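One structure is given here, and the rest of the page talks about it.
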Amino acid sequence: MEAKKTKAGDWRSYQRVLLPPVKDLHKLDVYENNEGYKALREVLTTAKWDPTSVTNEVKKSGLKGRGGAGFPTGLKWSFMPPVDPNIPRFLCCNGDESEPGTFKDRQLMEYNPHLVFEGMLIASYAMSIKTGYLYIRGEFADWITLMEEELEKAYAKGYVGKNIMGSDFSCDIVIHKGAGAYICGEESSLMSSLEGQRAYPRVKPPFPAQKGVWGYPTTINNVETLACAPLIINKGGEWFSKIGAPSHPGPVLYGISGHVNRPGVFEYPTGMLITDLIDEVAGGMRGGKKLKALIPGGSSTPILRADMIEGVTMDADSLRDAGSMMGTSGMLIMDEDVDIVSWLRRITHFYHHETCGQCTPCREGTGWLENIVTRLDEGNGQLRDLDILLDLCTQMEGRTVCALADAAAWPVRYTIDRFRSEFEAKCSTDSVPGGGVLETA
Amino acid sequence: MGDFIKHPFVDMPDRNPEQVIPNDSLMFTSEEKTQIQTWISRYPTADGAVMRGLWLAQEKFGFLPPEVIKLVAEEIGIPYANAYGVATFYTQYFKEKKGKHVLDICTCFSCQLCGGYDMLHYVEEKLGVHSGETTEDGMFTIQEAECLGACGSAPMLQITNGVFVHNLNKDKIDALLDALREGNVPAFTSVTLPQDEDDLGGNRRTDVTSVESYIVPPVSETLS
Ligand SMILES: Cc1cc2nc3c(=O)[nH]c(=O)nc-3n(C[C@H](O)[C@H](O)[C@H](O)COP(=O)(O)O)c2cc1C
Ligand code: SF4
Ligand code: FES
């Protein structure tokens with residue numbers, strides 16, 4: 001087949017780097033035989049590297065966070081204040097992975113755990129951090145056990161702990177087990193959770209780099225983001241910056257779920273055409289059905305109708321122009337039979353369940369979104385409910401401590417915007433013309 | 001007043017519940033105490049260890065009634081109110097007694113579109129209880145779960161905060177319930193990467209006995 005020219009280049013011959021095809025790569029000895037901890041050794045033992053040059057290399061790579069917001073990683077690292085020997089500093093690796101539709105970090109941790117540890121150590125070196133917390137959601141109990149076993153082996157070999165590889169750099173890694181709360185993925189909530197508090201997000205500023213866990217300078221990055229660091233050291237920032245979309249480069253794990261023949265986690269460059277991902281990578285639509293819509297990167301990224309994805313690629317710029325976001329690159333593919341209203345109802349239920357309840361617009365708003373979408377879904381809604389929903393979204397967006405309220409409002413706003421006729425079709429017809437009176441409790 | 005509008009409400013816990021764990025078994029062994037001290041040493045303040053402490057207590061006592069939360073708070077050296085606040089914040093900490101096996105069936109959006117509710121309703125019908133309830137023999141509790149981070153192998157469920165069971169169908173559920181009744185919890189299952197099936201001819205891990213590949217997901221009958 002003739003290759004179409006895309007930002008992802010000749011992706012059919014792409015060689016995986018985050019999850020290279022090596023059997024048992026999760027075992028330390030296999031990892032060592034495959035350039036494992038080589039980047040860390042180079043950083044710690046050669047004169048070429050110091051904390052600043054590591055950060056600069058990451059800046060040069062153009063790496064953007066894979067946790068959802070897509071913030072430039074090197075820039076984030078450079079926000080850490082100058083080192084003060086009396087003030088501890090922390091790294092948090094975010095393995096909370098609870099955004100519906102996202103399941104890539106779990107597979108990365110299962111199949112290449114040492115790459116995550118090595119990435120955490122390199123990041124710690126770059127920011128002169130001595131303790132890194134790896135926060136993993138409690139549901140991943142089996143993966144936590146696996147990570148702990150492998151971490152112990154890395155400690156035994158001197159890759160983690162005191163005076164790593166004979167250098168004067170010491171760094172501990174602690175695995176923190178969550179207990180089931182989506183909100184803990186939000187960075188300030190994650191910090192509250194680590195500190196042993198109820199996991200309420202905090203107002204920013206102050207940002208984590210100024211006042212993070214226990215009030216000390218902290219940097220938070222996603223698992224996949226940190227796993228890119230050893231690759232950048234080994235092969236160079238320039239190599240990384242040339243993979244995929246120039247403005248959003250690198251390898252990325254696409255987690256594809258829903259109505260495709262071959263769902264799963266796939267590693268490819270950024271900038272893949274959405275149509276290539278569905279039709280070729282994921283084996284096409286299940287049962288030869290037509291595509292109706294998709295979510296490009298987790299439940300909070302705006303839905304795209306099938307007619308909106310022509311030529312759209314998986315990178316921040318292209319998705320923004322198309323009216324959505326890259327998010328976590330956890331793609332949900334929906335076929336023509338999906339009832340969009342019922343589907344949205346489940347999302348509103350999710351956010352209502354997961355709000356931490358601190359802010360009134362979010363605590364109350366998520367509940368009302370669920371109530372109203374539910375009654376629309378049950379055929380009891382009125383046309384004016386759609387306006388009430390959109391008004392509610394406006395009341396929620398940008399008015400709360402964290403972005404969960406926005407994440408809850410966007411799916412409602414964009415799904416109504418892009419599938420309005422389906423909502424209207426479900427509205428009750430035997431009501432007062434122009435809509436009835438909203439009865440409140 | 002429209003019945004269909006339910007205002008969000010919060011269940012208030014009983015202020016003076018009866019103690020369920022008798023005093024003579026309400027304690028940690030010396031190994032458990034050492035383990036807790038190790039966790040404490042990994043954080044700048046002891047508070048950081050509270051989540052691990054609660055996990056340990058839940059594994060030991062099965063759930064977290066107030067007296068157990070108090071025990072954890074005392075062992076770690078933090079106020080009871082703090083430990084209680086943490087225990088009640090997270091869904092995986094059981095505040096009341098559950099069945100021997102808790103089935104968390106994911107119905108969140110990817111699973112919803114691939115038959116998550118079909119699986120939930122099938123289990124509900126089979127066991128004769130609704131989501132959130134426990135069977136009379138105390139064997140099973142069914143719960144509707146939010147996304148468990150395994151959407152590619154939807155529909156799926158988790159057994160008592162542990163093993164994931166992927167690519168569910170009715171036969172699989174029948175076999176699973178039988179096995180659990182006999183006390184056999186299935187082994188950890190590795191889900192292959194589709195690219196590994198192409199490049200490595202299957203799963204990459206040789207140390208797991210149970211492997212599953214991603215499959216074409218089933219068609220869902222109901223979305224709620
Ligand atoms: C409600 C909410 C949930 C989030 N959940 C996650 C998560 O599960 N995992 C994650 O890596 N980032 C999550 N984030 C994003 C984090 O706040 C943070 O931006 C990210 O971990 C930073 O890492 P990165 O720069 O490497 O992307 C969430 C954000 C919000 C607002
Ligand atoms: S926006 Fe929602 S989740 Fe975030 S802090 Fe406020 S109430 Fe909590
Ligand atoms: S939606 Fe069920 S595991 Fe993600």
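When residues in the stretch B:174-196 are screened for being open to solvent by less than 70 Å² (accessible area, probe 1.4 Å), farther than 30 Å from A:ASP337 by Cα and within 12 Å of chain A (Cβ to nearest Cβ), 6 of them pass.
Taken over the stretch A:12-48, the criterion of being in contact with a Pro (Cβ under 6 Å, 6 or more places away or on another chain), within 12 Å of another protein chain (Cβ to nearest Cβ) and in a helix (DSSP H, G or I) is satisfied by no residue. For the stretch A:320-334, the criterion of being within 24 Å of B:CYS147 (Cβ to Cβ), more than 16 Å from ligand 2 (Cβ to nearest atom) and over 20 Å from the mean Cα position of the chain (by Cα) is satisfied by at least one residue. For B:ILE69, the conditions (1) open to solvent by 10 Å² or more (accessible area, probe 1.4 Å); (2) closer than 25 Å to A:THR355 by Cα; (3) in the same structural domain as B:THR34 (by TED's automatic domain parsing) are fulfilled apart from (1). Here A:THR218 meets the list (1) closer than 18 Å to A:LEU404 by Cα; (2) surrounded by 24 or more Cβ atoms within 10 Å (Cβ to Cβ); (3) among the β-branched types (Val, Ile, Thr) almost entirely, failing just condition (1). The set of residues from the stretch A:155-172 being open to solvent by less than 10 Å² (accessible area, probe 1.4 Å) and of a type in the set (A, V, I, L, M, F, W, C) comprises A:VAL160, A:ILE164, A:CYS171. Apart from one condition, A:PHE207 fits all of (1) more than 10 Å from ligand 1 (Cβ to nearest atom); (2) of a type in the set (A, V, I, L, M, F, W, C); (3) within 18 Å of A:LYS59 (Cβ to Cβ); the exception is (3). If you go through the stretch A:240-280 and keep only what is within 14 Å of chain B (Cβ to nearest Cβ) and open to solvent by 10 Å² or more (accessible area, probe 1.4 Å), you end up with A:ASN261, A:ARG262, A:TYR268, A:GLU280. Among the residues of the stretch A:286-338, those that are of a type in the set (Asp, Glu) and touching a residue at least 40 places away in the same chain (Cβ under 8 Å) comprise A:ASP315, A:ASP317, A:ASP335, A:GLU336, A:ASP337. Among the residues of the stretch A:173-204, those that are open to solvent by less than 10 Å² (accessible area, probe 1.4 Å), touching a strand residue (DSSP E or B) at 6+ places or on another chain (Cβ under 8 Å) and within 11 Å of ligand 1 (Cβ to nearest atom) comprise A:GLY178, A:CYS184, A:LEU190, A:MET191.
When the stretch B:145-161 is filtered for residues that are open to solvent by 10 Å² or more (accessible area, probe 1.4 Å) and within 14 Å of ligand 1 (Cβ to nearest atom), only B:GLU146 remains. Flag: B:GLN143 does not match the condition of being touching a residue at least 60 places away in the same chain (Cβ under 8 Å), farther than 20 Å from B:SER213 by Cα and within 13 Å of the chain's Cα centre (by Cα).
Residues of the stretch B:31-54 include at least one that is open to solvent by 70 Å² or more (accessible area, probe 1.4 Å) and in contact with a strand residue (DSSP E or B) (Cβ under 6 Å, 6 or more places away or on another chain). In the set (1) assigned to a loop (DSSP other than H, G, I, E, B); (2) over 23 Å from B:GLY53 (Cβ atoms); (3) within 13 Å of chain B (Cβ to nearest Cβ), A:ALA179 fails one condition alone, (2).
Yes/no matrix, rows are residues, columns are (1) open to solvent by 30 Å² or more (accessible area, probe 1.4 Å); (2) under 25 Å from A:TYR351 (Cβ atoms); (3) in contact (Cβ under 8 Å) with a residue 60 or more places away in the chain; (4) in the same structural domain as B:PHE61 (by TED's automatic domain parsing):
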residue	(1), (2), (3), (4)
B:CYS106	no, yes, no, no
B:GLN112	no, yes, yes, no
B:ASP118	no, yes, yes, no
B:THR134	yes, no, no, no
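The one condition from (1) within 16 Å of ligand 1 (Cβ to nearest atom); (2) open to solvent by 30 Å² or more (accessible area, probe 1.4 Å); (3) outside the structural domain of A:GLU187 (by TED's automatic domain parsing) that A:ASP29 does not meet is (1). Looking only at the stretch A:372-390, decide whether some residue is within 17 Å of B:GLU146 (Cβ to Cβ) and away from ligand 1 (no atom under 13 Å from the Cβ). Scanning the stretch A:372-390 turns up at least one residue that is within 17 Å of B:GLU146 (Cβ to Cβ) and away from ligand 1 (no atom under 13 Å from the Cβ). Residue pairs whose Cβ atoms lie under 6 Å apart, sitting 6 or more positions apart in sequence or on different chains, and linking a residue in the stretch A:183-205 that is within 8 Å of chain B (Cβ to nearest Cβ) to a partner that is modelled with pLDDT of 95 or more and assigned to a loop (DSSP other than H, G, I, E, B), are A:SER193/A:ALA199; A:ALA199/A:ALA181. Condition check for A:ILE220 on (1) within 23 Å of A:THR355 (Cβ to Cβ); (2) over 19 Å from the mean Cα position of the chain (by Cα); (3) aliphatic (A, V, I, L, M): one failure, at (2).
Residue by residue, here is whether (1) in contact with a strand residue (DSSP E or B) (Cβ under 6 Å, 6 or more places away or on another chain); (2) of a type in the set (Asp, Glu); (3) free of Cβ contacts under 8 Å to residues at least 12 places away in the same chain; (4) assigned to a loop (DSSP other than H, G, I, E, B) holds:
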| residue | (1), (2), (3), (4) |
| --- | --- |
| A:ILE220 | yes, no, no, no |
| A:ALA229 | no, no, no, no |
| A:ILE232 | no, no, no, no |
| A:PHE240 | no, no, no, no |
| A:ILE243 | yes, no, no, yes |
| A:HIS248 | yes, no, no, yes |
| A:PHE266 | yes, no, no, no |
| A:GLY271 | yes, no, no, yes |
| A:THR275 | no, no, no, no |
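The values are calculated or read from the model by the stated rules, or taken from the named source; none is laboratory data. Treat the numbers as computed from the prediction; the structure is a model and nothing was measured. Counting neighbours? That spans all protein chains shown, and the Cβs are built from the backbone with ideal geometry, glycine included. Just so you know, the surface numbers come from the protein's heavy atoms only, side chains and all, with ligands and any DNA or RNA stripped out. Shrake-Rupley method; radii C 1.70, N 1.55, O 1.52, S 1.80 Å.
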